[in-house]
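This structure is in structure tokens; I'll ask about it shortly.
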Amino acid sequence: MGVCVGLMLLMSACGLVGAGSTPTNAAPSSTPEPPTPTPVPAAAVVNGEIIPLVEFQASLAQLEAAQKDLGLSDSIDTLKQRAADDLVNQTLLAQAAVAAGHTLDDTTLQARIDELSAQMSAGTTLADWMTAQGYDDGSLRPALRRAMLAAWQRDQIEAAVPQTAEQVHARQILVYKEETAQRLYSEIQSGADFATVASEVDPISGGDLGWVPKGYLLQADVEKAAFSLEAGKISEIIQTPIGYHIIEVI
């Protein structure tokens, strides 16, 4: 905006004054608008929110220091990508926390800063730590606020994840031709052992699906059969886009 205004003023003045001429009845020029603040250099923008370059550089420096301490040798490009991913994920979590109505007041933030200061080892000040980590007074607070909001949202997600889930242990026979499925189904109905027949079709796993929770099996009709049958029971032939299934619940 400032550039555009400046350019318009210059063009207006040039239009009024020709080469070698003297301005006549020229309107007084307007006072230029004050310059706009220089934008904060950004490493990324997430949903309109800037991740300052200084925070990215601090995060990268911390990863590099950790690599050195651990004796690892990941490439600088790998570390840059990891630093960027961490900050973007943290920003998304923080934004979700705000959207959920969580607030973080200045008193709580200051309490956390005081806590960090108290945790410094003997002979080290918070200012020393900030310098070593690549922070200054202007970058530490927003970075810490984002991290605290993200931590709150992460805890909400973890608390919402169920600790138990209904599961079923099942075995399946999957073939691609209906006549093959009909033949194998008839053999099982006549007394053939399901596991033996399944192993002939799939010698590697024997058709064993293992213990699976709801939502794991990609074919809805197969999952419906697996969770509706009693242990030891066998389904009818189930047709899906990938073939013909027969399910046994173990």
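The values are calculated or read from the model by the stated rules, or taken from the named source; none is laboratory data. Computed from a predicted structure; not experimentally measured. For neighbour counting, all protein chains shown are included, and Cβ atoms are generated from backbone atoms with ideal geometry for every residue, glycine included. Each accessible area value is taken on the protein alone, full model and side chains, heavy atoms only, with ligands, DNA and RNA left out. Shrake-Rupley method; radii C 1.70, N 1.55, O 1.52, S 1.80 Å.
Residue by residue through region 164-178, which ³J(HN,Hα) values in whole Hz follow from phi under the Karplus form 6.51 cos²θ - 1.76 cosθ + 1.60 (θ = phi - 60°), with glycine and proline marked x?
10, 8, 5, 9, 9, 9, 9, 10, 9, 10, 10, 10, 9, 10, 5
So which GluC sites (Glu not before Pro) in region 67-168 are both in a DSSP loop and have at most 13 other Cβ atoms within 10 Å of their Cβ?
The qualifying sites are Glu166.
How much solvent-accessible surface does Arg183 expose, in Å² to the nearest 10, with a 1.4 Å probe and all protein chains in place?
130
Report the number of Lys pairs in the chain whose alpha-carbons are under 26 Å apart, with separation of 8 or more residues or on distinct chains.
6
Taking a probe of 1.4 angstrom, what is the accessible area of Leu140 in Å², to the nearest 10?
Roll a 1.4 Å probe over it and Leu140 shows about 10 Å².
Within the set of other residues whose C-beta is less than 13 Å from the C-beta of Asp106, count the net charge using Lys and Arg as +1 and Asp and Glu as -1.
Result for the neighbourhood of Asp106: +1.
Another one. From the Cα trace of region 153-227, what convex hull volume per residue do you get, rounded to a whole Å³? Don't skip to the end; give the middle numbers.
On the way: hull volume 9.1 nm³, N = 75.
Hull volume over Cα atoms, normalised by residue count, gives 121 Å³.
What number comes out for the charge environment of Gly243, summing +1 per Lys or Arg and -1 per Asp or Glu over other residues with Cβ under 14 Å away?
-3
Which of these values of Rg/Rh (Cα atoms, Kirkwood Rh) was calculated from the structure shown: [x] 0.99; [y] 0.96; [z] 1.30?
Answer label, from the structure shown: [z].
By the scheme Lys and Arg +1, Asp and Glu -1, what is the net charge of all other residues having a beta-carbon under 13 Å from that of Leu92?
-1
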